[in-house]
Amino acid sequence: MPSSAHPRGQAIADAAARVIPGGVNSSTRYIGAPYSFASAEGAYVVDADGNRYLDYHAAFGAILLGHNAAVVNDAVRATIGGIDLVGLGVTEGEVALAERVVEIIPSAESMIATMSGSEAVAQAIRLARGVTGRDLVVKFQGGFHGWSDAVARNVISAPDKAYGSDPLSSGILPQALDSTLIAEFNDLDSVTALFDQYPDRVAAVIMEPIPHNVGALLPTTEFVSGLRKLTEVNDALLIFDEVITGLRHSLGGYQEVIGITPDLTTFGKGLANGYASGGVAGRRDLMEHFNGRTGDVLLAGTFNGNPIGCAAALATIGYLQEHPDFYERTFALGDRMRTGLTEIVTELDIEATALGFGGVFVLYFTKPPILGYRDLMRNNDEAYVAFHRGMTERGFLMLPMALKRNHISGAHTAEDVDRTLDAARDVLVELRA
Ligand code: PLP
């Protein structure tokens, strides 16, 4: 169990507070204790005070194969000293990455590379508006698609704000907020109603195929196929934001799992196993609007398609292509975790539900059914946060914030899962007391 004292972490946090607003470089990195992480290997991270944690946070899901995966690091090392950045033309690495994405992702006929998921989503939404000439975008309450103005609203909302206007930030133009409409996940009628209310104005529906930003709401096939038809009939685009689900749940993304092909797909996070990367892929006729000579939608970014991100992404995809057992292993471990958690909460008579898909798991503190955001408003957030905090204090890193998901990477083992379940039992017994 890690020490509760963090003298070195405290010193770093104090220094950070003097020069970085809030002491962290992303609002959701605040963990409520002076943790500063210094190294990482496989399924483990080590803090500045030498405490070792089994990592389920996985950099919000950017770590897929495990920390410092040798195959990825080797590919990155091989680019250093070769090409850094020229900013003209295209490199072989960019072409190879686009070719690979086109090969594995059902919706991908061509691809652009970005530096992050937020950039990918911002580009996809601008493309949707540019192509259709329409102004509105539909997103779901609970879905998160990065920090860009177009989508920065209604993720985890208080009950009085859910489905209303709940911007993630001040400083967003009201016109941008008003141009994003909010629907309920797994409720096709809520989307149909918006198409009816705003005829010929919806450019796109954007969705996380599994909204992992509120844990793991599992989509019904009828819902997603209904969205596919609804968007087609209304000449709007369907965008799958696969920043978390892409590669993690299947080489071809969740679209391959559910067998429904969107018009555009966005990537980020696990694409390059911890190195900065992202992208948009989709139908060629749509993507051609990004063509700098003949198209009408600006594609810009000094670091787009940078050699390190491309090399890391290619190595990550290459590894998964050569090791399809990655999916068998992470899915089996995910099932072992969910089954174990279900047994524990049943035995302890705690109102909680283990859900997830593949290697992603959550323990909601509410009863089923859990299909949409409305169901999540019943979640006991206090218990959820206390559970994650208790686990982290015992050396199992889980972000102590409501509805945050946990990730099993390619480096976790069955023994890790069993140790986690033992600790979970202790934490839950304490919580029940
Ligand atoms: N889309 C989804 C589904 C995400 O979960 C995130 C980040 O959490 C983003 C987009 C934004 O990605 P990034 O943080 O790389 O900008």
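We did not get these values from a lab; they are worked out from the coordinates using the rules stated. Note that the structure is predicted; figures quoted are calculated from it, not measured. Cβ coordinates were reconstructed from backbone atoms using ideal geometry, including for glycine residues, and neighbour counts include every protein chain displayed.
Summarising the label geometry, the points placed 7 Å from Cα in the beta-carbon direction at THR221 and THR342 lie 2.0 nm from one another. Each eigenvalue of the Cα gyration tensor of the stretch 29-80, multiplied by 5 and square-rooted, gives one semi-axis; in descending order these are 23, 12, 10 Å. Shown here are the Rg and Dmax of the Cα trace of the stretch 119-269, at 14.0, 39 Å. For the pair the stretch 1-78 and the stretch 138-197, the centres of their Cα atoms are 31 angstrom apart. Average 1/r across all pairs of distinct alpha carbons in the stretch 273-335, invert it, and you get the Kirkwood radius: 14.5 Å. Please work out, to two decimal places, the log10 of the ratio I(q)/I(0) at q = 0.13, 0.14, 0.15, 0.16 Å⁻¹ from a Debye calculation in which every Cα of the stretch 224-344 carries one identical scatterer. With one equal scatterer per Cα and no solvent, log10 I(q)/I(0) is -0.67, -0.76, -0.85, -0.94. The packing ranking, built from the mean of other Cβ atoms within 10 Å per residue, places the peptides 388-394, 83-89 in the order 388-394, 83-89, highest first.
Taking 0.36 nm per residue of separation and subtracting the current Cα-Cα distance, fully stretching the chain between VAL19 and GLU288 would add 92.5 nm. Shown is the FRET efficiency for ALA96 and GLU328, computed with R0 = 25 Å from the Cβ-Cβ distance and rounded to the nearest 0.05: 0.40.
Summary of the geometry: the stretch 389-407 and the stretch 242-280, compared by the centres of their Cα atoms, lie 24 Å apart. The gain in end-to-end length when the LYS229 to ASP426 segment is fully stretched comes to 66.2 nm, 0.36 nm per residue minus the alpha carbon separation. Between ASN73 and ASP189, the FRET efficiency from the beta-carbon distance, with R0 = 35 Å, is close to 0.10. The length gained by stretching the chain between ASP135 and SER39 to full extension, at 0.36 nm per residue less their Cα-Cα distance, is 30.0 nm.
In the stretch 70-322, Rg over Rh equals 0.97, where Rg is the alpha-carbon radius of gyration and Rh the Kirkwood radius from pairwise Cα distances.
Per residue, the convex hull spanned by the alpha carbons of the chain comes to 146 Å³.
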